[in-house]
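Here is the structure we will look at, set down as structure tokens.
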Amino acid sequence: MINYLKMVRNIVGPMVDAMPYPVFIVDENVSVVGLNRASQKMVGAAPEMVLRQPAGEVLHCLHSTETESGCGHAEYCKACIIRKSVAKAFKTQKVSRKKVRMEIISGDQVEEIFISVIASPFNYDGTSLVLLQIENMTEIMELRELVPICAGCHDIRVDDEYWQKIDSYLSKNFSLNFSHSLCPECLEKYYGEEDWFPEMKQKIGEKKILKRLAAARGKKTDRP
């Protein structure tokens, strides 16, 4: 039988402990068998107090209180992203990444948070386990919901007098990269009246037209 406290000391070393977001070690039943320092702050308890407890109860998930049997037995648990991510990691032995809204019990209130869930499978002393990383992205999502956007051109207002293209804004603030194309409606709007368009659309379809247009732009011509 695994000595979980010893395992925690071996795996959750200084490097994992230094991570600013919660990291849990869970078994196939999604029970917590280890956690780092950030996780302890999140759950408000020492490791020995939460070991072998279901993750939903450790995380104060609202649905873990819906049945007497606790986490994993409520109707909602069948669709729980954390449980599904862990199950997928065990089954495929590959990293699973998901983002989801979650309702937790905070004091005497119910709080909705948005989390990023990463489940990474690994083996310890012949036992399969999953490293479960949970990052609270609530502030980022709230920021996205409050970003002022033009109803006409969809530019983003970054201050009182300056507007920025949405792709430039997202690239600068969220490190996202974009590849540009055209939706079917815009393809029709910009090229529908060209003499070559109707026949080519019927012959090769919209996707191949877009590929040819991309190639044509590289050759500085308006015709695919």
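The values are calculated or read from the model by the stated rules, or taken from the named source; none is laboratory data. Model, not experiment: these values are computed from the prediction. A quick note on method: Cβ atoms are made from the backbone with ideal geometry, for glycine too, and the neighbour counts reach across all protein chains shown. Note: accessible area is taken over every heavy atom of the protein model, side chains too, but ligands, DNA and RNA are not part of it. Shrake-Rupley method; radii C 1.70, N 1.55, O 1.52, S 1.80 Å.
Could you check H63 against (1) surrounded by 13 or more Cβ atoms within 10 Å (Cβ to Cβ); (2) within 17 Å of S120 (Cα to Cα) and say which number it fails? H63 satisfies all of (1) surrounded by 13 or more Cβ atoms within 10 Å (Cβ to Cβ); (2) within 17 Å of S120 (Cα to Cα) except (2). Every condition in (1) over 18 Å from the mean Cα position of the chain (by Cα); (2) of a type outside the set (S, T, N, Q); (3) closer than 18 Å to V26 by Cα holds for E75 except the one numbered (3). On the stretch given as the stretch 179-219, residues that are under 18 Å from H154 (Cβ atoms), at pLDDT below 80 and surrounded by 11 or more Cβ atoms within 10 Å (Cβ to Cβ) total 1. Taken over the stretch 28-42, the criterion of being under 19 Å from C77 (Cβ atoms), of a type in the set (S, T, N, Q) and not in a strand (DSSP E or B) is satisfied by N29 alone. Mind checking whether some residue in the stretch 98-116 is among the aliphatic types (A, V, I, L, M), open to solvent by less than 20 Å² (accessible area, probe 1.4 Å), in contact with a Ser or Thr (Cβ under 6 Å, 6 or more places away or on another chain) and modelled with pLDDT of 90 or more? Scanning the stretch 98-116 turns up no residue that is among the aliphatic types (A, V, I, L, M), open to solvent by less than 20 Å² (accessible area, probe 1.4 Å), in contact with a Ser or Thr (Cβ under 6 Å, 6 or more places away or on another chain) and modelled with pLDDT of 90 or more.
Can D167 be described as open to solvent by less than 50 Å² (accessible area, probe 1.4 Å), under 30 Å from E112 (Cα atoms) and either in a loop (DSSP other than H, G, I, E, B) or modelled with pLDDT of 75 or more (or both)? The answer is yes for D167.
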